[in-house]
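For reference, the structure is listed below as structure tokens.
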Amino acid sequence: MDPILEALDPDRTRPADVLHSKGLSLAFGEKAVLSDVNISFRRGTITALIGPTGCGKSTFLRTINRMNDKVSGFRHEGDVSLEGESIWAPTRNLLLLRRRVGMLFQRPNPFPMSIKDNVVAGVKAHQIAKGKQLDVVAEERLRQVGLWDAIKDRLNESPYRLSGGQQQLLCLARALAVGPEVLLLDEPTSSLDPISTEVVEALLRELTPALTLIIVTHNLGQARRVSDNTMFLYQGELVEHGPTAELFEHPREARTENYVTGRIG
Amino acid sequence: MSAFVPLVALVLTVLVLAFKAWPAIRVNGAHFLVGSSWKPGNVYGAVSTTGGVAHPLGSSYGAWPAIAGTLESSALAIIIAVPISIGAAFALTERLPRWLAEILRSAIEVLAGVPSVLLGLWGALTLGPLLANDVYPIVANHMPNVPFFSFFRGPTGHGEGLLTSGIVLALMIIPIVASTTRNLFAQVPALPKEGGEALGMTDWEVGRKITIPWVRAGIIGATVLGLGRAFGETIAVAMISGSLLNTITPNIYGTMGTVAATLVTQLDSAFADGTGFEVRTLAELAVVLVVVVLIVNTVARIIVRRTGHLAAPVGGVI
């Protein structure tokens with residue numbers, strides 16, 4: 001970034017790295033899932049998290065918003081910090097952490113309530129807005145994900161009649177409604193058709209640099225298309241990470257090369 | 001074919017009852033539903049004839065106190081039992097460690113199997129007097145004398161009555177509603193619940209806004225099952241209601257009767273009626289009970305249909 005622009009950046013006093021994982025090892029009971037992961041996530045970037053099934057991608061992702069905490073036997077060593085403060089710090093409010101670190105899941109998971117109530121469910125839970133303000137939030141977020149025109153007349157209807165792609169966009173709108181800084185995406189397009197996938201991918205690009213995104217994906221093409229940086233996990237180890245183009249074109253490690261070229265998977 | 005057995009049994013039961021009750025229905029008329037007198041008349045004396053139907057001189061039957069008592073005690077039981085059952089189901093599926101949940105779950109199932117006569121005896125000998133001596137007076141003395149709350153004021157009796165009946169009925173319903181609701185909760189998929197958690201909802205909010213609505217129709221169904229049990233429960237209520245036939249209790253502690261309890265408490269003396277009219281009247285009372293149960297079931301179905309449009313697809317797409 002240009003030094004002048006950098007000096008004028010409203011985020012200039014905030015650490016450039018939003019999230020930082022330091023010596024992070026994870027285990028469920030006796031089963032080690034991840035060992036010694038060290039990586040930083042720069043504000044406003046999209047990081048793709050790739051690796052074969054069972055490599056620990058989702059576990060890593062679900063650690064960041066502490067979804068693993070209540071899984072029985074979950075243990076962690078090392079630390080993950082959000083803007084310099086550990087996510088496990090005793091002073092940390094879990095609910096506020098999850099407001100700042102949102103999540104989109106493998107499959108759309110609308111709540112059993114109207115479309116509008118779905119969008120503002122988190123806003124209500126965190127008591128950010130009420131009454132007429134909720135309508136404003138709902139419209140704004142549905143516009144942001146490009147759903148507004150298609151469903152503005154169906155706001156009080158069930159979300160389960162929407163198409164899978166629309167449901168996932170609704171869930172994205174819901175996650176964005178509480179104003180997160182980081183968005184965790186756990187294979188968000190794995191259940192969607194190619195056209196919906198394209199829509200979601202385009203949206204993710206638009207979310208930066210306001211948000212920092214970490215996306216778990218099995219789709220290497222998707223990782224190349226949407227991400228700035230890529231991290232490759234293999235058997236619980238962070239093998240390699242770096243700018244996406246570099247990692248795909250000139251992998252430093254043989255295992256990375258084998259994976260991105262499809263020789264292991 | 002066997003699928004039709006319950007339907008045939010229901011239809012036959014109602015038909016036989018209605019046939020038996022028909023003379024009483026004609027003689028008692030509308031007074032039976034709105035009147036408050038329960039007088040067998042002089043069963044050993046002169047016989048009077050109304051519209052060709054013989055009945056003891058002076059007999060007059062109005063079942064409104066029993067109907068009201070059934071509705072009141074069942075409503076009380078539901079009001080007490082449903083929140084407790086949902087709370088218990090929530091604790092069993094979401095909160096407690098698995099070993100403890102399993103123990104408590106078996107305990108609930110054991111409670112479901114306790115014969116109601118035991119609960120009735122316990123209610124009459126232990127729970128009722130305890131509540132009437134130590135709990136009801138405190139509540140009664142602290143209720144403001146304004147509409148609705150004044151129903152909780154006044155003499156608290158000796159433990160036989162509406163509130164005690166409602167509490168004991170609730171104990172009988174809780175196992176039904178709690179174990180059904182527990183099974184429903186266990187079927188709610190993890191994904192929408194995790195969605196709520198990831199959004200920063202508390203466990204309580206996830207339960208209230210996602211888990212419960214997800215199975216709302218099933219919970220209403222379980223409640224109707226419980227309500228059916230409360231309507232029909234006979235012996236325990238006969239033991240703890242005080243079996244009042246002719247008046248509606250002025251407050252929540254007073255003695256009362258229900259349709260089902262009246263059937264069992266009056267049957268013996270009904271056989272003393274040589275004209276058979278009181279037995280026919282009891283049959284009419286039974287028909288009323290069936291009709292009330294059918295009405296409540298129908299209303300519940302309508303509620304399920306009305307509130308169902310936002311609910312998750314049956315079987316769950318997720």
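Things worth noting here:
- Of everything in segment B:95-120 that is under 18 Å from the mean Cα position of the chain (by Cα) and hydrophobic (A, V, I, L, M, F, W, C), the residue that is surrounded by the fewest Cβ atoms within 10 Å (Cβ to Cβ) is B:Leu118.
- Residue identified as in contact (Cβ under 8 Å) with a residue 12 or more places away in the chain, within 14 Å of chain A (Cβ to nearest Cβ) and surrounded by 20 or more Cβ atoms within 10 Å (Cβ to Cβ) among B:Thr249, B:Thr211: B:Thr211
- In segment B:53-76 there is at least one residue matching the filter, namely being on the phi > 0 side of the Ramachandran plot and modelled with pLDDT under 90.
- The residues of segment B:169-193 that are within 14 Å of another protein chain (Cβ to nearest Cβ) and among the hydrophobic types (A, V, I, L, M, F, W, C), listed by number, are B:Leu184, B:Phe185, B:Val188, B:Ala190, B:Leu191.
- Just so you know, in segment A:62-81 the residues that are farther than 19 Å from A:Val216 by Cα and among the basic types (Lys, Arg) include one that is farthest from the other protein chains (Cβ to nearest Cβ), and it is A:Arg75.
- Answer from B:Gly200, B:Gly196 - the residue that is facing chain A (nearest Cβ under 9 Å) and either closer than 26 Å to B:Gly120 by Cβ or not in a helix (DSSP H, G or I) (or both): B:Gly200
- Candidates A:Thr230, A:Thr189, A:Thr208, A:Thr197 - the one that is buried (at least 23 other Cβ atoms within 10 Å of the Cβ) and modelled with pLDDT under 95: A:Thr189
- Filtering segment A:191-234 to residues that are among the basic types (Lys, Arg) and within 14 Å of the chain's Cα centre (by Cα) leaves only A:Arg205.
- Qualifying residue in segment A:87-105 (condition: small (Gly, Ala, Ser) and more than 9 Å from every other protein chain (Cβ to nearest Cβ)): yes
- Checked against (1) free of Cβ contacts under 8 Å to residues at least 12 places away in the same chain; (2) exposed (fewer than 15 other Cβ atoms within 10 Å of the Cβ); (3) in a helix (DSSP H, G or I), B:Pro147 passes all but a single condition, namely (3).
- Conditions (1) more than 20 Å from the chain's Cα centre (by Cα); (2) more than 10 Å from every other protein chain (Cβ to nearest Cβ); number of the one not met by A:Ile115: (2)
- Top-ranked residue of segment A:118-163 - restricted to ones that are more than 9 Å from chain B (Cβ to nearest Cβ) and small (Gly, Ala, Ser), ranked as farthest from the chain's Cα centre (by Cα): A:Gly131
The values are calculated or read from the model by the stated rules, or taken from the named source; none is laboratory data. The structure presented is a predicted model; accordingly, all values stated were derived computationally and were not measured. Note that each Cβ is placed from the backbone with ideal geometry, even for glycine, and that neighbours are counted across all protein chains shown.
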